[in-house]
Each structure stands twice: as structure tokens, then as C-alpha cells.
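Q: Provided herewith is a single structure, encoded as C-alpha cells, for subsequent inquiry.
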């Protein structure tokens, strides 16, 4: 259950009507239609700012995730726990209610959603990693360590999602800050898809690829994946959230066609994280 600091959740009718501070899903379909809606979002551990300006955004992120109304939400930089941040924010006027008493993945999951989480990084005060939230049943949750050096702990979260009778394999990624690391991590993704997933199964690979110089497409697409894009929008910037110029957050697919792609902007979105979410709608390939 969400704590009293959390603003009232938007109803399904309010979301589809475009109400509230996160109204920005114009053009996307509603739950009753066929496409698979996938969102990927680096939530920056639910905290923004530094020093005295540090603020907690995890409560607002809960509203944002629900407003996306996605079948599958792929999250990066999700904290399982962090004792230091919990102690820091408990000193605010909100006291112990400020920091959620659940892991962030569980806290952010809209009512009725399944949750998969695996830790990538262990720090002095806690741990964080990737998460997947979905309104559809889940299969066995897998995790693959793709850390390339001791200064960055990275991993892949692999989860089969059973969408309308179809098993869709979803891989959630957060690649490293160095180009050579990203290349090796992209090769690991390509190997996982090519050698370990059923050859006929639809695949979604989503996350923060940190690929500011646009060098990874050829490696990932070598495994039969395609970057989700539209002809009139080959690159959809998501970073930095205040004035997005880099397309760091992406979705690659196999066996699925991109029908629609968008990035929510304006309102409260730039405040919540240093990234904006990316939302795509997919159909089974004909």
C-alpha cells in the first residue's frame, strides 16, 4: 500500500482523457485495443538534486508510471533499499513516511501489476537494479551480470511476459558509461537473444543504452532485432529531461512492428528524473 504522501492515483478514465499533471499520452491507444504498449524509464533512483536541493520524487513517479498506462514498464536505477537516503528524508517534515517502506519496484507498480526485479549494483547503504512491471502474467525471472569493470555494476533483467496468449521475452538493460563497455554489453544482449531465446518468440529489449554517439544499432540488430522507430522520427530524444537532445532510451524488437512511439513532455515530467520515459506501441509482425 502506498503511504499518505502519495497523491490520489489517476483513474483509468482520467488517464485516457488526458487529465492531471502527467497528461501527455495523446495518440496512444487505450487498454481495450490490440497493441502491446511498452514503456522504458530511467527513474534516477527516485531522487533529484544535490545537497540542500535534494528532493524525493518517488511518490510523483508512482503517479507517472500509472499515467503511462503501459502493458509493460521497464525501469532502470530502481532501488531495492537505501538506508542512507531513508535516514536523510526521514528528517524532513514528513518524517518516516517520506521514504517508502517497500522496494521501489513494488511501490511504483500500479494495482494489479506483476513485478520482477533484480539487483545490479551493491553500495554501502543499499542496492539498485532493473525492474519490470506488467499487467500480464510473468514467467521465470532471469538475471545476467554484464559488468565490464569493477567501477560499474551492470546487469540484464530477462522476463517472459504472457501477453494475450503470446510469450514475449523482455530484456531490461542499463548499459555502461564507456563506449567499449557498451559494445561488449550489446554483444552480450545479441548473444542472449540469438543463442538462448526461442527462435520464433517475439522479443523486446528496452532500457537506457547510454549510447550518445549512436554506435550500437548494428550490433544489436545483428541478432535479428530492430530499433522501434517511425519513418518520420528515426531518433526520439529522451535525455536530458529538461531539453532532450540524446536518444539514450530505446526499444528494440523481434517479431513485433512499431505502430506508435512517443516521449511525454511538459508538465511535471522534466522534474521527475534526468531522463524522460519512452513509450512504444507494438503489433505482432504480420
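Q: For region 208-286, report the translational diffusion coefficient in µm²/s to the nearest whole number, using Stokes-Einstein at 37 °C, 0.692 mPa s, and a Kirkwood Rh over Cα pairs.
A: Rounded to a whole number, D works out at 248 µm²/s.
Q: Hey, fewest Cβ within 10 Å first, where do 140, 257 land in order?
A: Ascending Cβ contact count within 10 Å gives the list 140, 257.
Q: Follow-up. Mind giving me the FRET efficiency for residue 284 and residue 122? R0 is 41 Å, r the Cβ-Cβ distance, nearest 0.05 is fine.
A: The computed FRET efficiency comes out at 0.60.
Q: Using the number of other C-beta atoms within 10 angstrom as an exposure proxy, rank 265, 227 with the fewest first.
A: If I rank by nearby Cβ atoms, fewest first, I get 265, 227.
Q: Here is a follow-up. Expressed as a whole number of Å, what is the distance separating the alpha-carbon centroids of region 216-280 and region 121-137?
A: Centre-to-centre distance over Cα atoms comes out at 21 Å.
Q: Could you line up 122, 41, 117 from fewest to most neighbouring Cβ atoms inside 10 Å?
A: Least crowded to most crowded, the residues run 122, 117, 41.
Just so you know, all these numbers are worked out from the coordinates, no wet-lab data involved. All values derive from a computational prediction rather than experimental measurement. Reconstructed Cβ throughout: ideal geometry from the backbone, glycine too, with neighbour counts over all protein chains shown.
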